[in-house]
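A short write-up of the structure that comes next.
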Amino acid sequence: MSLLDTKVAVITGGSSGIGLATAKRFVAQGAYVYISGRRQSELDKAVAEIGGNVTAVQGDVASLSDLDRLFGAVKARHGRVDVLFANAGLVEHQKLGEITETHFDKTFNANVRGLLFTMQKALPLMQDGGAVILTGSIAGIKGLPAHGTYSASKAAVRSFARTWAAEFKDKGIRVNVISPGAIDTPIIDGQADTQEGADQLRANFAAATPLGRIGKAEEVADAALFLASSQSSFMTGAEIFVDGGIAQV
Ligand code: NAP
């Protein structure tokens, strides 16, 4: 028996990086997985990589009508959600003094508003005993220059988990957070203007991480699988750091 046999999982931001690695893990463990993201081209590639038991629904988590389409597709085919991985998110660097409305709105629309309404729209389909996993970040507990907006957005994610764990305890819906450190995904490339800049960023993160390297998306997927499965049956409202120790020591 696999860990997620017969389970239906929804993964936002499932076309790339952590979400894609987790979709592969979940399917390998018996789940049927729905993935979402804004770029159809990346979703198509992801579906081909995952290979089966997956449906992609294009959409922006910041758009309530897109979320309706996502959960409408889930309802039409499976009628329920056992596991929700609210993972879609983005990072942009701006220091206080230079912060634009566009930067603030883009960050909070995806990371906070999008995550909140993903959860709210999933709720009618969530099964008693279901598992919700929210993607936070070590940035939520660190003071990192130019990360003020992003860090605050991830601190909000951590806060939601506490409230929702309390609100849904009677339905046995567990809500936990995974907070990655530096993980080797395309999000790092998006933080540099050139390939050399991205390589330097990866090297800087590796040097700052006690385990001496940056993490792999698959290592975060392992933690997501744990939180999605009954192996974490006595955990709710918690935060798991998958960070090579960068925010711990
Ligand atoms: P990634 O490879 O860039 O993946 C991000 C995923 O989210 C993509 O599928 C992207 O697809 C989707 N996405 C972004 N904005 C979206 C929106 N508004 N609506 C729907 N989908 C959206 O990055 P990743 O590293 O896997 O990041 C996943 C999560 O981990 C994020 O929440 C991030 O903040 C968090 N995190 C990452 C790291 C790290 O070092 N990698 C560290 C800490 C936390 P589209 O662009 O096509 O929409």
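Residues whose amide H lies under 5 Å from that of residue 54, counting only those 5 or more places away or on a different chain, are 33; hydrogens are built 1.01 Å from N in the peptide plane. Here the simple spin-label model places points 7 Å from the Cα toward Cβ, and for residue 152 and residue 127 these points are separated by 4.0 nm. Phi-derived couplings, Karplus 6.51 cos²θ - 1.76 cosθ + 1.60 at θ = phi - 60°, listed residue by residue for region 7-23: 7, 10, 10, 10, 10, 7, x, x, 8, 7, x, 4, x, 5, 4, 6, 4 Hz, with x used for Gly and Pro.
Each stretch of four or more DSSP H residues adds -39500 (n - 2.57); spread over every residue of the chain, this sum gives -12500 deg cm²/dmol at 222 nm. Between residue 109 and residue 194, residue separation times 0.36 nm minus the direct Cα-Cα distance comes to 27.9 nm. Heavy-atom accessible surface of region 1-128, averaged per residue, reaches 46 Å², computed with a 1.4 Å probe. Given a Förster radius of 22 Å and the C-beta distance between residue 28 and residue 239 as r, what FRET efficiency does 1/(1 + (r/R0)^6) yield to the nearest 0.05? Taking R0 as 22 Å, the efficiency between residue 28 and residue 239 is 0.30. Computed over the Cα atoms of region 44-98, pair by distinct pair, the Kirkwood hydrodynamic radius stands at 13.8 angstrom.
Inverting the pair-averaged 1/r between distinct Cα atoms of the chain gives 18.0 Å as its Kirkwood hydrodynamic radius. Loop sites by DSSP among the trypsin sites (Lys or Arg not before Pro) of the chain, restricted to those with at most 16 other Cβ atoms within 10 angstrom, leave 143-212 as the longest stretch without any of them. Accessible surface comparison of 103, 147, probe 1.4 Å, protein chains only, largest first: the order is 147, 103. Annotation for region 189-239: chymotrypsin sites (Phe, Trp or Tyr not before Pro) lying in DSSP loop with at most 15 further Cβ atoms inside 10 Å of their Cβ are 234. Enumerate the residues in region 8-27 having an amide nitrogen under 19 Å from the point lying 7 Å beyond the Cα of residue 69 toward its Cβ. Only 10-16 fall inside the zone, counting backbone N under 19 Å.
The value given for region 98-138 is a Kirkwood hydrodynamic radius of 12.0 Å, derived from the mean inverse Cα-Cα separation. Cα centroids of region 188-209 and region 1-50: 26 Å apart.
In this structure, the amide hydrogen of residue 177, modeled 1.01 Å from its nitrogen in the peptide plane, lies closer than 5 angstrom to those of 134, 238, 239, 240, counting only residues at least 5 positions away or on a different chain. Amide H contacts of residue 216 (H built 1.01 Å from N, in plane; Pro and chain starts excluded): 184 sit under 5 Å, all sequence-distant by 5 or more or on other chains.
The simple spin-label model puts a point 7 Å past each Cα toward its Cβ; for residue 249 and residue 100 those points are separated by 4.1 nm. Rg/Rh for region 38-160 (Cα atoms only, Rh after Kirkwood) is 1.01.
For region 102-249, which whole percent of the accessible surface, found with a 1.4 angstrom probe, sits on carbon and sulfur atoms? Of all accessible area on region 102-249, carbon and sulfur atoms account for 55 percent. Ligands, DNA and RNA left out, the 1.4 Å accessible surface of region 46-87 is 45% carbon and sulfur atoms.
The values are calculated or read from the model by the stated rules, or taken from the named source; none is laboratory data. None of the values given here were measured: they were computed from a predicted structure. Glycine gets a Cβ as well: all are built from the backbone with ideal geometry, and neighbour counts include every protein chain shown. Calculation scope for accessible area: heavy atoms of the full protein, side chains included, ligands and nucleic acids excluded. Shrake-Rupley method; radii C 1.70, N 1.55, O 1.52, S 1.80 Å.
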